[in-house]
Amino acid sequence: MKRGIVVAWILFIVFASMPFIVNWSLKKGSEVSPVPKAPSENITVEGVIYVGYVTSHTGSDMLCVVPGEAYVPSAGKMVTLNVTVKFKHAQPCPYSDWKIVAENLKNVEIVKETKTELKDPYTAFKQYVVKVLGNGSIDIVFKYGTGCPYGTEERATVKFYIGTPPENVNVSTSNPKELPATNVFNITGIVKEINLNGKYVVVGNTTVYIKGRWHDEYGVEYQWRVMLGEVLKVGESVKIVATEENGKLVASEIIVNGHKYTKG
């Protein structure tokens, strides 16, 4: 393969010290910066060729690790791994002891490991810097919280090689689908209307749909009809975290009268 096309694709990495995602601050009443789309090309960073990424989505949440493979010119080179978990339900959740860990290290050594950081209610990020000692691999594992009914673990294996990618690595077909962007809105105001038939509430001038099962901070469950018919009341102040689904805002978290209710 010509060297001009042997460039490793990487999702959000340039240097280990650079941030993974730009501007994740949750702005009141406005859209959060979504997960940026993946670049269309692979790149080489300090002699390390980053190729693709690996994902795991066996349960409700998605694990993504960048890169999926790394090719280093010689043993002892450092490779940075960016780890993202996209949650189906907003954090914090009742099963809050979830964690991201590294397992089954083969010919690699962890040199640096950052703390797991919530970038927004639906996105966790962690970074590893590993030293490649030879051809090997590492498992990055997201473990669901104890008792979580939505999954047990998500596991992705990153592989490391000494040398350059083989001739059969096809850049145009090796890249999987981009991570989906998630638009998150923080809505605060007075409840002006509750519509049971339409399954929505109007806060200020914003319509938010209430769907599915909910639970409070004590684990008590509520159906959407109870949320609309009993928990929420016209004239009360409320804070709602919502995501955009098919052009509509759908609530994932509601705070009213000092109590927090979470969907799921």
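The values are calculated or read from the model by the stated rules, or taken from the named source; none is laboratory data. Everything numeric here is computed off the predicted structure, so don't read it as measured data. Every residue, glycine as well, gets a Cβ built from its backbone with ideal geometry; the counts of neighbours run over all protein chains shown. SASA here: full protein model, heavy atoms, side chains in, ligands and nucleic acids out. Shrake-Rupley method; radii C 1.70, N 1.55, O 1.52, S 1.80 Å.
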- Scan the range 188-195 and give yes if some residue there is open to solvent by 20 Å² or more (accessible area, probe 1.4 Å), assigned by the TED database to the domain that holds ASN257 and at pLDDT below 90, otherwise no. yes
- Filter result for the condition that a residue is open to solvent by less than 60 Å² (accessible area, probe 1.4 Å) and either without any contact (Cβ under 8 Å) to a residue 12 or more places away in the chain or within 15 Å of the chain's Cα centre (by Cα) (or both), over THR123, THR58: THR123
- Residue in the range 66-89 that is surrounded by the fewest Cβ atoms within 10 Å (Cβ to Cβ), counting only those that are out of contact with any Lys or Arg (no Cβ under 7 Å at 6 or more places or on another chain) and part of a loop (DSSP other than H, G, I, E, B): SER74
